[in-house]
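Down below is the structure, laid out as structure tokens.
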Amino acid sequence: MKWIIFFASFLISLNSFSEGIKHFKEKSEIDSSSIDFFISDYPMLRTCDSIYAKGFTSEEELHPWSFSYEFKDDSIPAYIDTTYFLRLKNMDIKSPFSFQYNDAVRSMILFYSKRRPALIRKVQITKELYFPLFEEMLDKYQLPMELKYLAVVESALNPKARSRVGAMGLWQFMPGTGRLYGLHVNSTIDDRMNVYKATEAACQYFSDLYARYHDWNLVLAAYNAGPGNVNKAIRRAKTSTNYWAIRPYLPRETQNYVPAFIAVNYLMQYSDAHNIKYDKNPKINYYALDTVYVNQKMTFNQISDWLDMDVKEITRLNPQYKKKYIPSSTRKSYVLTLPNSKIGEFILNKELIISGISRKKYDTQASK
């Protein structure tokens, strides 16, 4: 139904298409060496972008705060072990992962549901910005979709998350491991915070670990503690390759890692059963964004000034730029992520943005 609406709206817009093309040509004929006004994006194209993005919005998301359970706002539901066991068993049947229920898993479910419900609420909203990309990349590498939830355990979906030992980004790469998978770090850019590059690197790492261990729980343990620690734990457990058998021999953090992964998988599916309510219609999602390539230096302040965007929003969408500017380069182009609604104006006014002149000063001069 949504796509019927999309095409109907698109056909209606064709009535003004010829006029839009004429308008575009008139502006294109302006001498590019003399930029004398800010060009607004074309309404028809902006509308098409908006309709396209809405085509990926689920019916559930169109009705926020709709849930199948009725609890008081401050209620924290508790369940007997059998309920947790049956829910996890239902998940286990559909998954290549082993969603085992035991005391360690129960402890992590209670930790997240009772002590960290705000975190689950936050990631349920933030997931719309990242999960579509995760799913595309996991599909590309033929990996289980459940791995997208590992980024919740690692970083709570914060691309600028930094651990006490120096791991960075959504997938918490250490510098050395990051370099092995093409994630470079310098004074201005940290690829570990590049959402696209880091997600692809994580998928490559998952693939390599699975080729080594052929067990997803061991893959998770190795991702957290490193293959060396997993191999030592296997030896100490007298060559057992069952995660739960080698768990006592793993570092303490890794002993809780797989239970946390299982708990997050569970709570992301059963949030409503634990009275974790969240807005199912987030302000921004993956399909409301687009990218452009840039090879000339520009600061986030310049972009903010000309596109009327908050610097915080630009930083949120482009966390890999450590100094809040895109460096110039004659050898490569850098990716800039912006909302669909701003892409057109950026393309049409790129030279003005690069010029360094403020929009206020420019408007003052242009009005004289």
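Read-outs throughout are calculated quantities, based only on the coordinates presented, and are distinct from any laboratory measurement. This structure is a prediction, so every number in the text was calculated from the model and none was measured. Every residue, glycine among them, receives a Cβ derived from its backbone with ideal geometry; neighbour counts consider all protein chains shown.
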Distance check, please: which entries in LYS94/LYS127; LYS280/LYS324; LYS114/LYS148; LYS140/LYS283; LYS280/LYS322 exceed 25 angstrom between their Cα atoms?
LYS280/LYS324; LYS140/LYS283; LYS280/LYS322
Selected from MET193, ASN224, ALA167, residue furthest toward positive end of dipole (the range 153-232; charges at beta carbon):
ALA167
Of PHE131, PHE111, LEU143, which is farthest along the charge dipole of the range 103-186 in the positive direction, counting Lys and Arg as +1 and Asp and Glu as -1 at C-beta?
PHE111
Under 19 Å from a label point 7 Å along Cα→Cβ of ASP310: give me every residue in the range 264-279 with its amide N that close.
279
How far is it, in nm, from the label point at LYS122 to the one at ASP74 when both lie 7 Å from their Cα along the line to the Cβ?
2.3 nm
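Across the range 81-274, how large is the tail of the calculated P(r) beyond 22 Å, expressed as a percent of all Cα pairs?
Values: 8812 of 18721 pairs.
Considering the range 81-274, 47 percent of its Cα-Cα pairs are separated by more than 22 Å.
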Which net charge results for the neighbourhood of LYS323, defined as the other residues with beta-carbon distances under 12 angstrom from its beta-carbon, given Lys and Arg at +1 and Asp and Glu at -1?
+2
Sorted by average packing, counted as other Cβ atoms within 10 angstrom per residue and highest first, what order do 166-175, 183-192, 123-132 take?
166-175, 123-132, 183-192
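Using per-residue counts of other Cβ atoms within 10 Å, averaged over each peptide, order 349-357, 243-251, 76-84 from highest down. All intermediate terms of the calculation are to be shown ahead of the outcome.
Working: 349-357: 15.9, 243-251: 18.2, 76-84: 12.6.
By packing density, highest mean first, the sequence is 243-251, 349-357, 76-84.
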The alpha-carbon center of the range 287-329 and that of the range 216-280 are separated, in whole Å, by 37 Å
